[in-house]
Amino acid sequence: MDNEYMTMDDIGKELGWDDEIEKESPDFVTVPEGDYDFRIIGFERSRYTPGPGAKLPPCNMAVLNVEIVNSLGICNIQHRLYLHTRMEGRLSEFFASIGQKKKGERVRMNWNMVPGATGRCRVTIRNYKNKDGEDRQTNQISKFYEKEQKTWQAGAF
């Protein structure tokens, strides 16, 4: 594979103990908070298993690999969508952002069209402590914006 970044759909292959390797890890980039264009690199169908005190019961979950490109480099954000009626608004927001749903419209989620889809989202920074107690930051998506529909008016260019 020529692309240095693997998609979630590329399962790759097992390496042997004596195989040669050459690819470097891409640098981790945290982008400033703001609105960004995104592209869905891939997604994985998964299952959410709640811990104690969780607000949702067990349910299906889509783990999106979202790519944001800006002047700092490429930022990959893993975003989870929970397939549960309590999260239906967030699902609608995502599918509207990639142009699969319009406001007020009932639509069947078409997951086959998700990889490669583009849209716009709001990225924020989440502060956390890693397992060694060190302060860290990561990006997260707080909102997906509805895809703008281009309308042409007579005489407009």
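The values are calculated or read from the model by the stated rules, or taken from the named source; none is laboratory data. Since this is a predicted model, take the numbers as computed values, not measurements. Methodologically, a virtual Cβ is constructed for each residue, glycine included, from the backbone with ideal geometry; neighbour enumeration extends over all protein chains shown.
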Residue match in the stretch 88-105 (condition: in contact (Cβ under 8 Å) with a residue 12 or more places away in the chain and in contact with a Pro (Cβ under 9 Å, 6 or more places away or on another chain)): no
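Yes/no matrix, rows are residues, columns are (1) polar (S, T, N, Q); (2) within 12 Å of the chain's Cα centre (by Cα):
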residue: 90; (1), (2): no, no
residue: 96; (1), (2): no, no
residue: 102; (1), (2): no, no
residue: 112; (1), (2): yes, no
residue: 123; (1), (2): no, yes
Unmet requirement for residue 12, which otherwise passes all of (1) modelled with pLDDT of 85 or more; (2) not in a strand (DSSP E or B): (1)
Residue match in the stretch 44-60 (condition: closer than 19 Å to residue 119 by Cβ, surrounded by 15 or more Cβ atoms within 10 Å (Cβ to Cβ) and aromatic (Phe, Trp, Tyr)): no
The one condition in (1) touching a helix residue (DSSP H, G or I) at 6+ places or on another chain (Cβ under 8 Å); (2) surrounded by 11 or more Cβ atoms within 10 Å (Cβ to Cβ) that residue 88 fails to fulfil: (1)
Answer residue from the stretch 16-43, given it is in contact with a strand residue (DSSP E or B) (Cβ under 9 Å, 6 or more places away or on another chain) and not in a strand (DSSP E or B) and is surrounded by the most Cβ atoms within 10 Å (Cβ to Cβ) among those: 31
